[in-house]
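These notes are about the structure you will find just below.
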Amino acid sequence: MKNLGTKEASVEGINRRNFLKLLGGGIAVALTYTELNALSKQPGLFPPADDTIAAWIHILENGTVTVYTGKVEVGQNIRTSLSQAVAEELSLPVSSIELIMGDTLLTPYDRGTYGSLTTPAMGPKLRKAASSLREELANMAARQWNVGKQTVEVKNGQVIHTPSGKTVSFGDLTKGQKILLPVNDQVQLTPADKWSTAGTAVAKVNAKSFVSGKHKYVSDMTLPGMVYGKILRPPSYGASLLSADTGNAKISSGVTVVREDNFIGVTAPDPQTAANALARIEARWKTTPQPSRAEIFTYLKTHSENREKGAPEAIRAAWQAAPIQVQQHFEVQYIAHVPLEPRAALAVWENKKLTVWTGTQRPFGVQEELAEIFSIPKNNIRVMMPDTGSAYGGKHSGEAAVEAARLARATGKPVKVLWTREEEFKWAYFRPGGLIEVNAGAGKEGLLTSWEFHNYNSGGAGIEVPYEVAQRHIQYHPSDTPLKQGSYRGLAATANVFSIESVIDDLACQVKQDPLQFRLNNLKDERFKQVLEAAASKFGWKRQKETGRGYGIACAFVKNAYVATCAEVAYNKSNGQLQVLRLVVAFECGAIVNPLHLENQVMGCVLQGLGGALFEAVDFKDGRILNPSLFSYRVPRFGDIPELDILLLNRKDLPSSGAGEAPIVGVAPAIRNAIADVTGVKLHSLPLLPHGMTLKV
Amino acid sequence: MKINVNGTDYTLDVPANTSLLDALRVNLHLTGSKYGCGEGACGACRVLIDGHATPSCITPLASVQDKFVVTIEGLEKEGQLHPVQQAFLDEDAFQCGYCCSGMIISAVALKTKNPRPTRQEIIEAMQGNICRCCVYPRIIKAVSKA
Ligand code: FES
Ligand code: FES
C-alpha cells in the first residue's frame, strides 16, 4: 500500500469525488479521460466515464513524487520514459520519481498497454499534469512570500525565489493540506529542444535488480502456504472431455485434485510433485476434425466473412489497361510470440476477495474477466502486474490468472500457476496467418495507376498503400481462424507491408527502375522520403555490388512512425546458401524521448522481425501444434544477427509516437527484395526460407 | 540430497526427479535463475556448475551433489557487482530482463576461460541463450567490454 489514505479505491473507476477520499496529504494532480482523449487525439481509449481519472501525480508532504498509471512495463521501458517526462516538467532527477503501474486497486483504469499508445498518449498527458503541478507550486510559494510569480523558479524539489535565493521545499509548501488540482490546460510544456531530462539516454530505472537477479517477476513470487497448480489440457483443439480417472493422482498427502465440470487441476507443495500428480490422471477425450497447416490458405479464403471482392469495375479496367501489371498472392504463416517468461499467475482469496499477480498487458481486462467468471464485483478483485518478462502483444489475456484463482478458491490456499513453454505454445494465441491477393498496375514511366488489395484473416493494420495511386480498392476479409489468434507487435502491418513492398519492387523491376527511385517517384510525403533517403545513403545504396550480393529496400508508415529498411544478402550460387549480411534501418517517430531505449526498441523489433521474416512458423495438424518447443520452433539467436545500423531521425518539432511496432515491418520485404535482386527468385510467403538458409534456383 | 550453492551447503528433501532449477527456485528461494523452456534450449536457467555454464532445468539435482553451483545471486561480492553484471548495467543490455541472469552466467563462464573473446567467440559461447527481446548487439557489446 503506497501513499493512498485508505484501501477503499473504487475499481469501477476513480473519479474526482471519490479521489479526494483516497488522497493522502500533499498535492496531487489528476488527469481525466476527457483530457487524455483531447490531448492525444487517439481514438479507441474509451473512458469508463468522462470524469474518470486516467493518471495522477502525487507529491507527498515528504517530497516524494509518485506517478500512478494503469500502463504496464514489459521491457519497452516506459517506466523509464514516463519518469523522464514527469522529471522534466518538475525539474527533478529521474531517480526521485516513483511509478506505480498496472495495479487495479492503486492505479486508475487503463484499457491496456498496447498499440504503441503510451508514448503519444500517456507521455504528453503526464507532462501536462506535471507542469500543472509545477505552476501551482510556484504560485503557492509566490503567495507565501508575497512576491511576483515571475521571480520564483521550481528546481530540484524546491521552489526558489531567485532574487533573494530563498527556498522552500515542496513538502513544506503543502504541509497539512490535501490539494487536488485539475490539469491546467494553459500551462506551457517544455519544448523538445529545451529538454534536459527527457530526450536523453537515461538508463533503465530499475536495471540493477535485473542484473543481480533480484527483480521478482510473477513467476518468482511466493506467499506463505502457497501451493503450485497444474491444469489438465486436452490433446488437441476442439477436444472435449469424455471421462477422467483422477484416483491415482493423489501421490502424496500434499496433493489436491480439483475438478469443476471439465476443468481438472492439481495442486501440490512443489511444482515437480504437481507435475507428477497430473501425469497420473487418465482422461479420455472426444476429438473433432480440425483444419491443418497444409490447407490453411484455402481454408482462410473459403471461410472468410465477405468472400466477395467488392472492387469497383473502374479498378479492374484500370488494371487491365495498365502497361505494367503485377498479380501476386502472398501467404503469411501463423507465428508465436514466445515471451521468454511464459504466462504466470499467483492468486489468493481472503474473505471472498481475490488478489492476483499476473503478467498481462491488460490488468483491468483480466480483472473484468475474473469478475465475470467468478461472479463477484470487480471491486472485490485486485490484479497487479509487476514488470514482466515480455509480451509483444501476446499477453492481453488472463488464462493463468483464471486458472490460479480457480485452484486457489477450491483449495483455500494461495496458488501459483506457471505455464510451461509447451503450454505457452499451445494454449496462448498466435499472430494470425493470412492470405493476401494483389493486382497492381503502373504506367511505362513508373507511376502507379491501379491498386487492388485483399487481405484474408491477418487484419487491417498497415493495409493502406502509402503511394499515390488514383484507383485503389483495399479490403480486409475477416475469416474463421482454426488457431486462436490475437495481437502481435505491429499486428497485420507485417503481412500487409510485406505484400505491398514486394509488389512495389516487382513493378520497379518490370519498368527497369531503381527500386528506391521508383518509391520516391510514387511518394508525396516528405517524412517518408527522408527516412528512405537516410537509410539508402547510410547503406550505400548506389554502391557497386560485389558479385553474389543483393540489395533490397522497403519502407512503411505505421502507428504514426516512418521506417525505411535496407538489406544486403549474400548468395552462393554453387550451394544455394543465403546469408543476411547487413540491415540498415532509418526510423522517425517525432521527437525522441530516450535515444538509448528508442534504439533498444528498434533493435529488438527489427531482430525479432528477422525470425518471422526468415524461419518462424507454427506447424499444426488435426488440432495439434507440431512444434511446441524452442528446439522445434526456431527464434533468432546470436548467430542469426546480421550487422545492424540504426539511424534515429529526431524531429523535435513533432510530437513523439510509439516505437514498439513500426520497425518490425520493413525487415521481411527488404530481405525478400534483396533475395530477388541477387537470385531473381520472387518469394511470396512468410517465412521466406522455412527450410533453412538455402535457395535452389 | 546435499548440494553446495554459492559456497553454502544445503540438504534438501525433494522428489527424486527434481531438477536443479526447481531446487534452486523453490527450495532455496534463489529465483534469479529463470525458467524459459525446461529443455535446455533457451539458457534462461543457466548456472555455473564447477565453472561451466549449464542449463539447470535439465540437470537432475542428484547429479550435482559433489559439485559447486554458482547462481546469479552468487556473483556479487561484498555488495559489488561482478564486472560482467556491471557491463550489462552500463550497456543497458536488456529490455524485459528475463534472459539477463542466464546471459550473464554464460558470459562469466566465457570470460573466465577467455578474458578477451572475439565477437565470433562470444556468439559461439552464447548461442544457447535466447534473448526474445532480441537486444543481441547490446549483449555482445556488454560481454566484450566486461
Ligand atoms: S529453461 Fe533451461 S534452458 Fe530454457
Ligand atoms: S531482455 Fe527480454 S528476453 Fe532478453
Fewest to most Cβ atoms within 10 Å: B:Ile139, A:Ile463 sort as A:Ile463, B:Ile139
How shielded is B:23-36 by partner chains, expressed as the average number of their Cβ atoms within 10 Å of its Cβ atoms?
5
Two-decimal ratio, chain B, of alpha-carbon radius of gyration to 2.2 N^0.38 Å:
1.00
Remind me, what semi-axes does segment B:83-145 give for its equivalent ellipsoid, largest first in whole Å, using sqrt of 5 times each Cα gyration tensor eigenvalue?
16, 12, 10
Can you sort A:Phe620, A:Phe374, A:Phe631 from fewest to most other Cβ atoms within 10 Å of each residue's own Cβ?
A:Phe631, A:Phe374, A:Phe620
Quick one: net charge of A:Ala662's neighbours, Cβ under 13 Å, K/R +1, D/E -1?
+1
Quick one: work out the % antiparallel among DSSP beta bridges in segment A:47-211, nearest 5.
70
Over 29 Å between Cα atoms, which of A:Lys71/A:Lys166; A:Lys426/A:Lys682; A:Lys216/B:Lys77; B:Lys34/B:Lys141 qualify?
A:Lys71/A:Lys166; A:Lys426/A:Lys682
Debye intensity ratio in log₁₀ form over the Cα atoms of segment A:389-465, taken at each q of 0.20, 0.27 Å⁻¹
-0.96, -1.24
At a 10 Å Cβ-Cβ cut-off, how would you order A:Asp525, A:Asp505, A:Asp185, fewest neighbours first?
A:Asp185, A:Asp525, A:Asp505
Express as a percent, rounded to the nearest 5, the fraction of DSSP beta bridges in chain A (both residues included) that run antiparallel.
75
Would you please classify the overall shape of segment B:2-73 from the alpha carbon gyration tensor, given that a ≥ b ≥ c denote the square roots of the eigenvalues, rounded means a/c under 1.5, and beyond that prolate means a/b larger than b/c while oblate covers the rest?
rounded
With -39,500 (n - 2.57) per DSSP H segment of 4 or more residues and division by the full residue count of the protein assembly as shown, the 222 nm estimate, nearest 500 deg cm²/dmol, is -8500 deg cm²/dmol
Neighbour-limited loop hits for GluC sites (Glu not before Pro), segment B:43-146 (at most 16 other Cβ within 10 Å; DSSP other than H, G, I, E, B)
B:Glu76, B:Glu78
Taking the alpha-carbon centroid of each part, what is the distance from segment A:352-418 to segment B:37-74 in angstrom?
31
Calculate how large, on average over all directions, the projected area of the Cα convex hull of chain A is; give the answer in nm² to one decimal.
33.7
If I take R0 = 41 Å and measure r between the Cβ atoms of A:Ser164 and A:Asn379 in this structure, what FRET efficiency does the formula 1/(1 + (r/R0)^6) give, to the nearest 0.05?
0.25
Can you order the peptides A:600-609, A:315-324 by their average number of other Cβ atoms within 10 Å per residue, highest first?
A:600-609, A:315-324
Which of rounded, prolate, oblate describes segment A:189-294, given a ≥ b ≥ c as roots of the alpha-carbon gyration tensor eigenvalues and a/c under 1.5 marking rounded, otherwise prolate only if a/b is larger than b/c?
oblate
At the level of C-alpha centres, the distance separating segment A:286-307 and segment B:123-144, in angstrom, is 39
In Å, what is the Rg of the alpha-carbon atoms in segment A:47-211, and how long is Dmax?
16.2, 50
At the level of C-alpha centres, the distance separating segment A:677-697 and segment A:199-261, in angstrom, is 40
Are there chymotrypsin sites (Phe, Trp or Tyr not before Pro) in segment A:188-243 that DSSP marks as loop and that have at most 10 other Cβ atoms within 10 Å, and which are they?
none
Shielding by partners for B:97-108, please: the mean number of other protein chain Cβ atoms within 10 Å of each residue's Cβ.
5
What FRET efficiency do you get for A:Asn306 and A:Ser685 if R0 is 41 Å and r is their Cβ-Cβ distance, rounded to the nearest 0.05?
0.95
Please give me the summed charge of the neighbours of A:Ile251: other residues whose Cβ is under 13 Å from its Cβ, Lys and Arg +1, Asp and Glu -1.
+2
For segment A:70-177, which GluC sites (Glu not before Pro) are in a loop by DSSP, counting at most 11 other Cβ atoms within 10 Å?
none
Virtual spin-label span in nm between B:Ala16 and A:Lys484, 7 Å along Cα→Cβ
3.6
Can you check what the Kirkwood hydrodynamic radius comes to for segment A:524-660, Cα pairs only, in Å to one decimal?
16.7
Residue separation times 0.36 nm, minus the C-alpha to C-alpha distance between A:Lys250 and A:Lys178: what's the value?
20.3 nm
Take peptide A:637-646, look around each residue's Cβ out to 10 angstrom, count Cβ atoms belonging to other protein chains, and average those counts.
5
Excluding B:Pro117 itself, calculate the net charge of residues whose Cβ lies under 10 Å from the Cβ of B:Pro117, where each Lys or Arg counts +1 and each Asp or Glu counts -1.
+2
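Where a number appears in this text, it was derived from the coordinates with a stated rule and is not lab data. The shown structure was predicted, so the numbers you read here are calculated from the model rather than taken from an experiment. We place every Cβ from the backbone using ideal geometry, glycine too, and count neighbours over all the protein chains shown.
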